[in-house]
Amino acid sequence: MNIPLEKIVKWAIILIAFLLLLFWVTPAYGKLKVAIFGNSSSDVIVDKSISEIRNLFFDHIVSDYQSCKYSKDINCYCPIRNTNIPQGFVVEISNINDNSIIKLHKKATISGGVVNDYSLSAVDGSDITSIEVNIGDDKLFVENTAYGDPTMLSDTSLDFKDFLTTDKVYLESSDLYTTADLKGRNKIDFSKGIIYKKDQQRTFLLNKINDLARCSTIPNVDKALNNFDSVISSFDKCNKKDNNKCAAFIQSLPSDYLLKAESSNLNLYYKNEKIKSADFRISCILNSFNNPSKELSGKFNGLIFNDYSTIDFYSYDDGSVCVAVQDKIR
C-alpha cells in the first residue's frame, strides 16, 4: 500500500508538535528541558543561601497569607503577589491538627504523578534545606472542580462542595500540587492563585477570583507577628534553671501595633483590637539592664514592649523567668 507523501509529512508534523508540547509543559519533560537548556536565572538564585532569597518570593507569600488570615473580613479573596516559584525551590503549606505552617525548601522539586501521588524530593540527590513560618489556627482547602469554576451561591459565597480539605500542598513553578484526591489530577494551575477566605477558620486556595469581593487587610501584620513570635521564642528558650541570661528580644514593631504582657498573657493589638494572644508567665522585672539582680527585682505587673528597645530574659534555678528592659533612645 502506497501512502501519499503529504500524509506522511502531515502526521510527522502532528507527532513532532505533540512531543514538543509534552516536552515544554509537563513536569517530567519540563525538568528534562531545564537539564538540556539550563535556566541561568534560576541557577544564580539557587546558589544563594535560603536567607538571601526568601525575600524575593517566600516572604511575600507568607505576608499575603497572614494579612488575609488576620483581616476581619470574610467571604472575600486576597491576592498573592508572586506564585511563580524559581527553579530548585518548593513552597509547602502543611496543615496538621488545624494548624498551618508555610515552608520554603531549597534544592527541592516535586516528583511522582504517575498515579497522582506527588511528593517532595531532592534535586540530583542534594540535601534539602528549609525554613518555616507558623501561621497558626487554620483549616486548609483546595479547589476541586477539574475543568470548571467553583459555583457561586446566592449569598455570593463559593460552594463548599467544590473544595476538598488537604493536609499538604506544594507550589512549584506556578503549579499547585496537593495530597487531596481531586477530580482529575491532584495538580492545578496556580499562576493567578488567590486565597478565598470563607470565614475566620477556613482558608481556600484557587486560581480565579470568581467575582468575589476583595478582603481589606491589615498592613505590616507579618512584621508585627514576627515580633510577637520572637518574644514567645525568647521565653521558650528560658526553660533551663541556670541563673543566666537566656535570650534577648530587640523590638521593631510597626506603627499602630501594641505588644503587651498582661495577666499571664502576651497580647498583640492592632489599633486597640487584640489579634493574637499566648500564655506568657514572667515572674519579675529586674532592677537594671546592665547589672541585673534578682534580689533587687520588682514584681512583674505587666509590660508594654513598645516602650523599650531591648528586653533581655533571665532564667533562675527556682524555675522563674525575669526580664531586664532597656529604654528607647529618645
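Worth pointing out:
- FRET efficiency estimate (nearest 0.05) - Cβ-Cβ, M152 to N84, R0 30 angstrom: 0.65
- Derived scalar couplings ³J(HN,Hα) [segment 196-205; Karplus, 6.51 cos²θ - 1.76 cosθ + 1.60; whole Hz; x for Gly, Pro]: 9, 9, 6, 7, 6, 9, 10, 10, 10, 10
- Crossing angle, helix 5-25 versus the chain [Cα axis fit, 0-90 degrees, rounded to tens]: 10 degrees
- Nearest-ten-degree value, helix 221-237 long axis tilted from longest Cα axis of the chain: 60 degrees
- For the chain: Kirkwood Rh in Å [reciprocal of mean 1/r, alpha carbons]: 23.0 Å
- Here's how it looks for I195: its modeled amide H is under 5 Å from those of C78, I80, which are all 5 or more places away or on a different chain.
- Spin-label proximity, N301 to segment 246-288 - amide N less than 18 Å from point 7 Å beyond Cα toward beta carbon: 260-265, 282-288
- Theoretical FRET efficiency, 1/(1+(r/R0)^6), r = Cβ-Cβ of K10 and A213, R0 56 Å, to 0.05: 0.65
- Compactness of segment 114-192, expressed as Rg and Dmax over alpha-carbon positions, Å: 15.0, 51
- Stretching N97 away from D189 to a fully extended chain increases their span by 30.4 nm, per 0.36 nm per residue minus the current alpha-carbon distance.
- Dimensions in Å of segment 221-327 - Rg and Dmax from alpha carbons: 13.2, 39
- Long-range HN-HN contacts of R202 with modeled amide H, under 5 Å: K139
- Debye-sum result for segment 43-206 in log10 I(q)/I(0), which assumes one identical scatterer on each alpha carbon, at q = 0.18 Å⁻¹: -1.14
- The chain, relative contact order [Cα under 8 Å, separation at least 6], %: 14 percent
- Local electrostatic count, E273, Cβ distance below 14 Å [Lys/Arg +1, Asp/Glu -1]: +3
- Full-extension gain in nm, N291 to D236, via 0.36 nm per residue minus C-alpha separation: 17.5 nm
- Along its first, second and third principal axes, ordered by size, segment 168-209 spans 28, 21, 16 Å in Cα coordinates.
- Axis angle, to the nearest 10 degrees, between helix 58-69 and the longest C-alpha principal axis of the chain: 70 degrees.
- FRET E, pair A248, Q200, Förster distance 35 Å, beta-carbon r, rounded to 0.05: 0.55
- By the Cβ distance rule of under 4.7 Å, the chain has a partner for each of its cysteines.
- Net charge contributed by nearby residues that have their C-beta within less than 15 Å of M152 (K/R +1, D/E -1): -3
- Within a straight-line Cα-Cα reach of under 14 Å, K276 can be paired with the following aspartates and glutamates, leaving aside sequence neighbours fewer than 8 residues apart in one chain: D137, D138, D222, D229, E262.
Bear in mind that the values in this text are calculations on the coordinates, not laboratory data. Because the structure is a prediction, the values reported are computed rather than measured. Heads up, the Cβs are rebuilt from the backbone with ideal geometry, glycines too, and the neighbour counts pull from every protein chain shown.
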